[in-house]
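So the structure is just underneath, and the comments pick up after that.
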Amino acid sequence: ESLSLVSAHSPLREVEILHDRLLAAFERAEAAGQPLRPRDIIVMVPDIDRYAPCIEAVFGQLPPSHPRHIPFTIADQVASEAHPLMALALLLLELPERRLTVSEVLDALEVPAFRTAFAIDEAELERLRQWLAGSGVRWGLSAEHRDSLGFPALGENSWRFGLSRMPLGYAVGEPSAGGARDGSEDSLGHAPSGDFQGIVPYAEVGGLEADLAGRVATLLSTLEQQCAALGERLTPMAWLGRLQALFAVCLQPGTADEHDVMARLDAALARWAQQCRHADFEEPVGLGVVRDALRAELDEGGLAQRFLAGKVNFATLMPMRAIPFREVYLLGMNDGDYPRVRQPQDFDLMATRPRPGDRSRRDDDRYLMLEAMLSARAKLTLSWVGHDVRDNTPRPPSVLIGELLDTLEQGWDVPEDGAGSRDARLARRLIEMHPLQPFSRRYFERDDPRFTYEASWEALYATPEDTAAATADGAPSPDASMASLPDEPLSLGDLQRV
């Protein structure tokens, strides 16, 4: 009944626009007396792994109690990457091979199960980030860890270097600027340069917050122990116990989803060990072999299927998805991305010397898009990245969308509007071009058909007439909720602290 074409600037903007369009669809259906349920909507993309982070960022930012929350589920993800805890568990199996930069460890602490295992609260991460930057931590657990990676055995800017400065700063406070005038050490053992046995105190650690430094030291000690334990060659049964101990000490699940992930990890480990036992394989192997075997065991069932779960379904354009839905959305219909390009293997003779009757992947994708279009019962929306996010140059949509527009031009008449050819009029009527940013002024202009449900930006573009009308209606002024600017001027130090 309805066809829409949407052009955005990036995959994230595609998902943001989709969120607003879904909210509008729910409102229209409710007003028409035909409520639209989340399970009546399917969103398909060529590559779900590329869009999954954007979907989580947009649809997962609002709690279920929020009026703009839309329940969703993502199907067809690779099982080993379907959950952050699963990805972190596999990342822990790379400990002896990783540099363990500050960003890597802080990203790991964003996973609740890892953070809970070391009693670190989410609200403390910002303070920890400041301490690590101020104390000079950059990468590497210690000089020995760097030496094991093939780098010079230097301890500066390592985790051990920074964490030795924190408790010393808590104990002795700010280092002296010049030390003793005669060059001798003072009563506390401070050298003339203000250090203590070659360690410069980091005095920002103090008060009740100093306990955080102790918990981070426990984290560091655990990582050092696990790096040493994972660097050996063990038999499969020994690896089973070693990895179970690793997950027990580093991961403490708290929710049902996290417990499910840990159960899947334990089951995959047990199946791999059982397969080795049945094959009478008891040779010592390295960690890389175990990691690849565990990942293959987790992904053996194919994709993490969560299709038709009663929510808005996000899935990959693949066979067996042509199920009737009231509204169908196809994202990522970019030129070069769909039909999908598959690089042929060197040994693929069918790709180098094709014959009549051979399978064509491009024809398969063409047929999948036709199936998706036929499964839409009320509304079909096609979206693509129509402009480059860096220089705003136009980017063409998929060749299939061009063929669709050519078919519509041949079969349907477009009313004359006195500007442009018939093809241009058809494009103007069907294609909706969206700006780069979600807070663009065009979303809040009265005569612009584009809209957004994010009302927090509206106060930036409120006119005096709008403000007066809102005040007359009893609504608070847009400027009333804005923080007042400080009266005193800001110094360079104030800006650095911000």
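The values are calculated or read from the model by the stated rules, or taken from the named source; none is laboratory data. A quick note: this is a predicted structure, and the numbers were derived from the prediction, not measured. Positions of Cβ are generated from backbone atoms using ideal geometry, with glycine treated the same way; all protein chains shown enter the neighbour counts. Areas reflect the complete protein model, heavy atoms only, side chains present, ligands, DNA and RNA absent. Shrake-Rupley method; radii C 1.70, N 1.55, O 1.52, S 1.80 Å.
A few points about this structure:
- Any chance residue 137 is within 31 Å of the chain's Cα centre (by Cα), within 30 Å of residue 256 (Cβ to Cβ), of a type in the set (A, V, I, L, M, F, W, C) and buried (at least 19 other Cβ atoms within 10 Å of the Cβ): no
- A single member of 15, 111, 45, 58 is under 23 Å from residue 336 (Cα atoms), within 16 Å of the chain's Cα centre (by Cα) and modelled with pLDDT of 90 or more, and it is 15.
- Residue list for the range 84-109, restricted to those being under 20 Å from residue 162 (Cβ atoms) and open to solvent by 60 Å² or more (accessible area, probe 1.4 Å): 98, 99, 103, 107
- The range 373-394, residues that are among the basic types (Lys, Arg) and more than 25 Å from the chain's Cα centre (by Cα): 377, 379
- Verdict on residue 337 being without any contact (Cβ under 8 Å) to a residue 12 or more places away in the chain and part of a loop (DSSP other than H, G, I, E, B): no
- When residues of the range 145-163 are limited to those that are farther than 18 Å from residue 225 by Cβ and assigned to a helix (DSSP H, G or I), the one least open to solvent (accessible area, probe 1.4 Å): 162
- Across the range 345-403, the number of residues qualifying as open to solvent by 80 Å² or more (accessible area, probe 1.4 Å) and over 30 Å from residue 37 (Cα atoms) comes to 20.
- So residue 100, is it touching a residue at least 40 places away in the same chain (Cβ under 8 Å) and not in a helix (DSSP H, G or I): yes
- Hey, residue 252 outside any helix (DSSP H, G or I) and modelled with pLDDT of 90 or more or not: yes
- When we screen 420, 411 for residues that are over 17 Å from residue 17 (Cα atoms), surrounded by fewer than 11 Cβ atoms within 10 Å (Cβ to Cβ) and modelled with pLDDT under 80, the only hit is 411.
- Scanning the range 197-231 for residues that are open to solvent by 30 Å² or more (accessible area, probe 1.4 Å) and free of Cβ contacts under 8 Å to residues at least 24 places away in the same chain yields a count of 8.
- Of all residues in the range 84-97, those being in contact (Cβ under 8 Å) with a residue 24 or more places away in the chain and of a type in the set (Gly, Ala, Ser) number 1.
- Residue, nearest to the chain's Cα centre (by Cα), within the range 247-285, restricted to residues that are crowded, with 16+ Cβ neighbours inside 10 Å and of a type in the set (Phe, Trp, Tyr): 247
- Scanning the range 305-317 finds no residues that are in a helix (DSSP H, G or I) and crowded, with 20+ Cβ neighbours inside 10 Å.
- Answer from 470, 459, 475, 483 - the residue that is modelled with pLDDT under 75, assigned to a helix (DSSP H, G or I) and closer than 27 Å to residue 16 by Cβ: 470
- Those residues of the range 311-346 which are closer than 18 Å to residue 73 by Cβ and modelled with pLDDT under 75, in sequence order: 320, 321
- Residue that is farthest from residue 339 (Cα to Cα), among those in the range 364-408 that are of a type in the set (A, V, I, L, M, F, W, C) and in a strand (DSSP E or B): 378
- Residue match in the range 90-100 (condition: closer than 28 Å to residue 320 by Cβ and modelled with pLDDT of 90 or more): no
- Unmet criterion (only one of (1) open to solvent by 20 Å² or more (accessible area, probe 1.4 Å); (2) more than 25 Å from residue 208 (Cα to Cα); (3) in contact with a helix residue (DSSP H, G or I) (Cβ under 6 Å, 6 or more places away or on another chain)) for residue 117: (2)
- Cross-chain or 6+ apart pairs with Cβ under 9 Å, the range 117-145 first and closer than 15 Å to residue 99 by Cβ, then modelled with pLDDT under 90 and acidic (Asp, Glu): 138/156; 143/156
- Close Cβ contacts (under 8 Å, 6 or more residues apart or on different chains) running from residues in the range 417-439 that are within 27 Å of residue 391 (Cβ to Cβ) to residues that are surrounded by fewer than 13 Cβ atoms within 10 Å (Cβ to Cβ) and at pLDDT 75 or above comprise 432/449; 436/392; 439/460.
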